[in-house]
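Visitor: Below is a structure I'd like to ask you about.
The values are calculated or read from the model by the stated rules, or taken from the named source; none is laboratory data. Owing to the predicted nature of the structure, the values given are computational and were not obtained by experimental measurement. Neighbour counts are summed over all protein chains in view; Cβ atoms, including those assigned to glycine, are modelled from backbone coordinates with ideal geometry.
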Amino acid sequence: MTAEKSEIATNLERLQEQIKRAAKRAGRRAEEVTIVAVSKTFPFDAIRAAYDAGLRHFGENRVQEWETKQAHVADLRATWHLIGHLQGNKARRAANLFDRVDSVDSLALAQKLDAAFVAESGADNAKTNGLVLRDRLQVLIEVKSGDEATKSGVQESDLPGLAESVAGFAHLELLGLMTIPPFLEDPKQLRPYFSRLRELRNDLARRLNLPMPVLSMGMSHDFEIAIEEGATEIRIGTALFGQRAAKA
Ligand SMILES: *Cc1c(COP(=O)(O)O)cnc(C)c1O
């Protein structure tokens, strides 16, 4: 029983209250919203504490960092998400270290993930995620929000083509869309970015005749607005684990 553990549990309780209220405002149920606990920069024992508090989805933004933690939490039955930008040369490792890649933003990357997953599952087919045998890598397409040149994510205009291609890969399962809007002091001003992602998802789901149930949007300072606009997954770091030491 570490102090860290009770702090995360307390933070989680507060977060769940806020989720419930935001969902209610939008006529939704809190159960429709999954918390992805963003554990980047925090040690593996923070992940264990969060798991003990009840969390089952975790997000890391760097392949290398996750490689150092993964062995220490391999016994936990959780879903491990890569949420950060992925370089092509790390796609092979990522496809086999994570259950989900939430940041697919190019056809080249999707191709590499699809191929890597096949290659690795050829030798030993006992790829397990808890009790579930994975036969495909789950992915989200990350859509660029706003027009900062450095932001990752696919341009809206390229989204339909990319989504159609990704949906066609045998070893990828396209579950939905993700976005990181620009940082604005007043989270209410982010509403149009979130509602836009919902519209894009709805259009694509119709067009491709795929369910695409996941909308990953909302972080510690704006998740309530994201939930009001239909988020099914919120990616929460600071509000659960506290301030990160450095920018990550
Ligand atoms: C770090 C990070 C988060 C979590 O941010 P907080 O503001 O600490 O909740 C969410 N999504 C992505 C992609 C991140 O890199």
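Visitor: How many residues are within 15 Å of the chain's Cα centre (by Cα) and outside any strand (DSSP E or B) when one looks only at segment 139-193?
Guide: Here the count works out to 3.
Visitor: Right, here's the next one. Residues in segment 77-93 that are within 16 Å of the ligand (Cβ to nearest atom) and either buried (at least 24 other Cβ atoms within 10 Å of the Cβ) or within 14 Å of the chain's Cα centre (by Cα) (or both): how many?
Guide: Qualifying residue count, segment 77-93: 8.
Condition check ((1) over 30 Å from Arg136 (Cα atoms); (2) in contact (Cβ under 8 Å) with a residue 24 or more places away in the chain) across all residues:
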{"residue": "Asp147", "(1), (2)": "yes, no"}
{"residue": "Asp158", "(1), (2)": "no, no"}
{"residue": "Val166", "(1), (2)": "no, yes"}
{"residue": "Leu177", "(1), (2)": "no, yes"}
{"residue": "Arg196", "(1), (2)": "no, yes"}
{"residue": "Pro213", "(1), (2)": "no, yes"}
{"residue": "Met217", "(1), (2)": "no, yes"}
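Visitor: Taking into account only those residues within segment 40-76 that are touching an Asp or Glu at 6+ places or on another chain (Cβ under 6 Å) and under 18 Å from Leu240 (Cα atoms), which is surrounded by the fewest Cβ atoms within 10 Å (Cβ to Cβ)?
Guide: My answer is Lys40.
Visitor: Any idea which of Lys151, Lys144, Lys127 is touching a Lys or Arg at 6+ places or on another chain (Cβ under 9 Å), of a type in the set (Lys, Arg) and at pLDDT 95 or above?
Guide: Within the list Lys151, Lys144, Lys127, the selection yields Lys144.
Visitor: Could you tell me whether Leu76 is under 23 Å from Ser6 (Cα atoms), in a loop (DSSP other than H, G, I, E, B) and in contact with a strand residue (DSSP E or B) (Cβ under 6 Å, 6 or more places away or on another chain)?
Guide: Criteria not met by Leu76.
Visitor: Next question. Select from segment 26-71 the residues that are touching a residue at least 12 places away in the same chain (Cβ under 8 Å), among the β-branched types (Val, Ile, Thr) and in a helix (DSSP H, G or I) and list them in ascending order.
Guide: Ile47, Val63
Visitor: Which members of segment 196-207 meet the condition of being surrounded by 16 or more Cβ atoms within 10 Å (Cβ to Cβ) and not aliphatic (A, V, I, L, M)?
Guide: Listed by number, the residues that qualify are Arg196, Arg198, Arg201.
Visitor: Now, a different point. For segment 70-117, enumerate the residues that are within 14 Å of Arg134 (Cβ to Cβ) and β-branched (Val, Ile, Thr).
Guide: Listed by number, the residues that qualify are Thr79, Val101.
Visitor: Let me ask something else. Which of the residues belonging to segment 196-211 are closer than 25 Å to Arg21 by Cα and away from the ligand (no atom under 16 Å from the Cβ)?
Guide: Answer for segment 196-211, where residues must be closer than 25 Å to Arg21 by Cα and away from the ligand (no atom under 16 Å from the Cβ): Arg196, Arg198, Glu199, Arg201, Asn202.
Visitor: In addition: Among (1) closer than 19 Å to Ala110 by Cα; (2) in contact with a helix residue (DSSP H, G or I) (Cβ under 7 Å, 6 or more places away or on another chain); (3) surrounded by fewer than 21 Cβ atoms within 10 Å (Cβ to Cβ); (4) not hydroxyl-bearing (Ser, Thr, Tyr), there is one condition Ala163 misses while meeting the rest; what is its number?
Guide: Of everything listed in (1) closer than 19 Å to Ala110 by Cα; (2) in contact with a helix residue (DSSP H, G or I) (Cβ under 7 Å, 6 or more places away or on another chain); (3) surrounded by fewer than 21 Cβ atoms within 10 Å (Cβ to Cβ); (4) not hydroxyl-bearing (Ser, Thr, Tyr), Ala163 misses just condition (3).
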